[in-house]
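Structure record follows, encoded as structure tokens.
The values are calculated or read from the model by the stated rules, or taken from the named source; none is laboratory data. In this text the structure is predicted, and so the values were computed from the model without any measurement. For neighbour counting, all protein chains shown are included, and Cβ atoms are generated from backbone atoms with ideal geometry for every residue, glycine included. Just so you know, the surface numbers come from the protein's heavy atoms only, side chains and all, with ligands and any DNA or RNA stripped out. Shrake-Rupley method; radii C 1.70, N 1.55, O 1.52, S 1.80 Å.
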Amino acid sequence: MTHWPYPYWIAHRGAGKLAPENTLAAFRLGASHGYRMFECDAKLSSDGTVFLLHDATLERTTGASGLGGQRPWSDLSLLDAGTWHSPEYAGEPPCSLAALARFCLANGHALNIEIKPTPGLESVTGQAVAALAARLWSGQSRPPLLSSFKPEALAGARASAPDLPRALLLDAWWDGWLQTALALQCSAIVAHHPMYSTQTVARIQAAGLRCLCYTVNDEQAARALQALGVDGIITDRVDLFSPDAVPVGRGQSAPT
Ligand code: G3P
Ligand code: MG
């Protein structure tokens, strides 16, 4: 991907911790703070619906028990994904990828879909998420960016929708990470932000990849990463960072 069509600032899980993660309420709140790109976590229900859930299990964000991926969407869609956060959001339902796509496309927002497979379902989840994303964004000039910590998920995504851009997520520089990203024809690396140095940013960009980071929640860290020349920042702090405060430089989009 020579042209990078994405904003610099990306709101993590919709609006970080200010609203229940991965719900439409969160994406609306992130947008109300001026954010024009969002990160979400996507996995498969037992009957093949792509829906948003960070954890493998339902306990933390819905109060229900067990693996989210073992329930059909008809059950999942009736859960309460808001009460755990605060009474204000009681009754907020889980969100499907199709619903989030409608919101993003209607409002001109960009999306980073993190493929977050239920353990053991890496390849099939990558295939399904990418196939659905290709359908939902068909004919759109700016496709969603698909990312994953799991190379098998990215391989599945490439198999079913090779034209959608991919990014390898990293929480450590494991052996062969760059070769893996290049073999998967990734467009970007998205790394845990303290991992970056002048050398690693230069190595990634010299290989033709963009350099993004998660999850940056303080101003000092953000300034340091901007000085290193990263191409994008994922943040929880939609209330702290203005998405219009973009240092325009290599690979970065000017505010639109
Ligand atoms: O996609 C960036 C970030 O969301 C990866 O970590 O655990 O917050 O999904 P996590
Ligand atoms: Mg994520």
### Task
Largest first and in whole Å, give the semi-axes of region 51-120's equivalent ellipsoid, each being the square root of 5 times a Cα gyration tensor eigenvalue.
21, 17, 11
#### Entry: Per principal axis, descending, Cα span of region 127-256 in whole Å
40, 36, 24
### Summary
Dividing the surface of the Cα convex hull of region 1-98 by four yields a projected area in nm² of 6.8 nm²
### Message
Quick one: 3J(HN,Hα) in Hz for region 176-185, Karplus 6.51/-1.76/1.60 with θ = phi - 60°, rounded, Gly and Pro as x.
### Response
x, 4, 6, 4, 5, 4, 5, 5, 7, 6
### Task
Take the alpha carbon gyration tensor of region 1-46, find the square roots of its eigenvalues, order them as a ≥ b ≥ c, and report rounded if a/c is under 1.5; if not, report prolate when a/b exceeds b/c, else oblate.
oblate
### Message
At 1.4 Å probe size, with the rest of the protein present, what percent of the exposed accessible area of the chain is carbon and sulfur atoms?
### Response
53 percent
#### Entry: In order through region 54-70: 3J(HN,Hα) via Karplus (6.51 cos²θ - 1.76 cosθ + 1.60), integer Hz, x for Gly, Pro
6, 6, 5, 9, 8, 3, 4, 9, 9, x, 7, 10, x, 6, x, x, 9
## Note on the structure
Per-residue ellipticity at 222 nm attributable to helices in the chain (runs of n ≥ 4 DSSP H, -39500 (n - 2.57) apiece, nearest 500 deg cm²/dmol) works out to -8500 deg cm²/dmol
### Proximal charge balance of ARG142 [Cβ under 13 Å; K/R count +1, D/E count -1]
0
### Message
Looking only at the chain, where both bridge partners belong to it, what percent of the DSSP beta bridges are antiparallel (to the nearest 5)?
### Response
15 percent
#### Entry: Ranked order, SER32, SER187 - accessible area, probe 1.4 Å, largest first
SER32, SER187
### Query
Which residue fluctuates the most in the chain, going by a Gaussian network model with Cα springs under 10 Å, if the choices are GLY14, GLY232, GLY120?
GLY120
## Note on the structure
Expressed in angstrom and rounded, the centroid-to-centroid distance over alpha carbons for region 1-75 and region 147-219 is 20 Å
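Using the heavy atoms of the protein chains and a 1.4 angstrom probe, tell me the accessible area per residue for the chain in square angstrom.
Using a 1.4 Å probe on heavy atoms only, each residue of the chain averages 41 Å².
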### Query
Once you list every other residue whose beta carbon is under 15 Å from the beta carbon of LEU67, what net charge do they have if Lys and Arg are +1 and Asp and Glu are -1?
-2
### Message
Which three numbers, in whole Å and largest first, are the semi-axes of the equivalent ellipsoid of region 62-169 derived from its Cα gyration tensor as √(5λ)?
### Response
25, 18, 11
### Query
Can you give the Kirkwood hydrodynamic radius for the chain, in Å, rounded to one decimal and based on Cα pairs?
18.2 Å
### Antiparallel content of DSSP bridges confined to region 39-187, in %, to 5
35 percent
